[in-house]
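J.: Structure in structure tokens, see below.
The values are calculated or read from the model by the stated rules, or taken from the named source; none is laboratory data. The structure presented is a predicted model; accordingly, all values stated were derived computationally and were not measured. Ideal geometry is used to build each Cβ from the backbone, glycine not excepted, and the neighbour counts take in all protein chains shown. Keep in mind that these areas ignore ligands, DNA and RNA; they rest on the heavy atoms of the full protein, side chains included. Shrake-Rupley method; radii C 1.70, N 1.55, O 1.52, S 1.80 Å.
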Amino acid sequence: PSSHYLIKVDEDPTLLAPLTDAGLTSYRAVKKCKNNLKPGEYALILGVGGLGIFGINYARLLGNSFVIAGDIVEEKLRIAEKVGADFVVNKRNIEEAIKEIMNITNKRGCSAIIDFVGVDATIKIGLECLSKEGTYVVVGVGGGKIRDFIASRLLSEAKITGTLWGSYNELLEVYKLYKARKLRVDDLIKVRKLEEVNEVFEEMDKGSLIGRVVLKP
């Protein structure tokens, strides 16, 4: 409704489009855990899709913790390593994934968990792997329910919260990180013709879409 909502950019806005949604939403989510991203601690990114790729970048840029990435697609785990994850875990088998994450963290769990999926499986992993005084941010709206967080866990001062998009100032911060070439996302943003929209949606539905796609008329 007003030019005050816009930010001035120097680049072709085509490749910048994902910054306003995937880039901004994941940035706010990781910022909520910023105080937990300390040296020797572990951050867990669940889901290496369009948002998760940004999430790994921000966890690396905003803190000094180790970064663990979890997904059920091996190709996405290789991408997670490429953009900065220290460890990757295939979470198709939930119990095995929990065991592997706890082994990586020496049984301490993760001080920051950002769940970009939000289904029952990832929520179970998040709750089981959350450390004392840890923060679990649920971003994905996959229909999962948080129902196993027993009262005794509250004594550890762990926190579960959600997040929604981001602010104008945060969008400026995201753009500055991109402009400074600190985000490893350029080759994961694909430009395709608007006429291919149905094919893109089919790929999304199958879970085979890697990164983010910008449809250009």
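J.: With a 1.4 Å probe and all protein chains in place, put LEU6, LEU15 in order of accessible area, largest first.
T.: LEU6, LEU15
J.: Quick one: compute the contact order of region 86-163, relative version, from alpha carbon pairs under 8 angstrom and 6+ residues apart, as a percent.
T.: About 28 percent, as a whole number.
J.: Follow-up question, since we're still on this one. Hey, if we sort THR122, THR14 by accessible area with the 1.4 Å probe, largest down, what's the order?
T.: So the residues, ranked largest to smallest area, are THR14, THR122.
J.: Excluding residues on the same chain fewer than 8 positions from LYS145, give the lysines whose Cα lies under 26 Å from its Cα.
T.: Qualifying lysines at Cα under 26 Å: LYS31, LYS32, LYS34, LYS76, LYS91, LYS99, LYS107, LYS124, LYS132, LYS159, LYS206.
J.: Tally up the carbon and sulfur contribution to the accessible surface of the chain as a whole percent, 1.4 Å probe, everything protein left in place.
T.: In the chain, the share of accessible area belonging to carbon and sulfur is 53 percent.
J.: So how tilted is helix 120-129 from the main axis of the chain? Cα-based, degrees 0 to 90, rounded to 10.
T.: Compared with the principal axis, the helix lies near 50 degrees.
J.: Which whole-Hz ³J(HN,Hα) couplings does region 13-18 yield from phi under the Karplus relation 6.51 cos²θ - 1.76 cosθ + 1.60, θ = phi - 60°, glycine and proline marked x?
T.: x, 4, 6, 8, 3, x
J.: Continuing with the same structure: For region 1-63, what is the accessible area per residue in Å² when the probe is 1.4 Å?
T.: 44
J.: Something else: Given Cα pairs under 8 Å that are at least 6 residues apart, what percent is the relative contact order of the chain?
T.: Value for the chain: 22 percent.
J.: Taking only protein heavy atoms and a 1.4 Å probe, what accessible area per residue, in Å², does region 66-217 have with all protein chains in place?
T.: 58
J.: Give the aspartates and glutamates reachable from LYS82 as a straight Cα distance under 13 Å; neighbours fewer than 8 places away on the same chain don't count.
T.: Cross-link targets: GLU74, ASP186, ASP187.
J.: LYS38: which aspartates and glutamates have alpha carbons under 14 Å from its alpha carbon, excluding same-chain residues fewer than 8 sequence positions away?
T.: Cα-Cα hits under 14 Å: GLU133.
J.: Loop-only check: which trypsin sites (Lys or Arg not before Pro) in region 57-118 are DSSP coil with at most 13 other Cβ within 10 angstrom?
T.: Answer by residue number: ARG92, LYS107.
J.: Relative contact order of region 97-217, please, whole-number percent, based on alpha carbon pairs below 8 angstrom and at least 6 residues apart.
T.: 18
J.: Same structure again: Residues with amide H under 5 Å of VAL89's amide H, sequence separation 5 or more or different chain, H placed in the peptide plane at 1.01 Å from N; which?
T.: ALA69, GLY70, ASP71
J.: Further, regarding this structure: Which of these values of Rg and Dmax of the Cα atoms in Å was calculated from the structure shown: (i) 15.7, 46; (ii) 17.2, 54; (iii) 17.8, 58?
T.: (ii)
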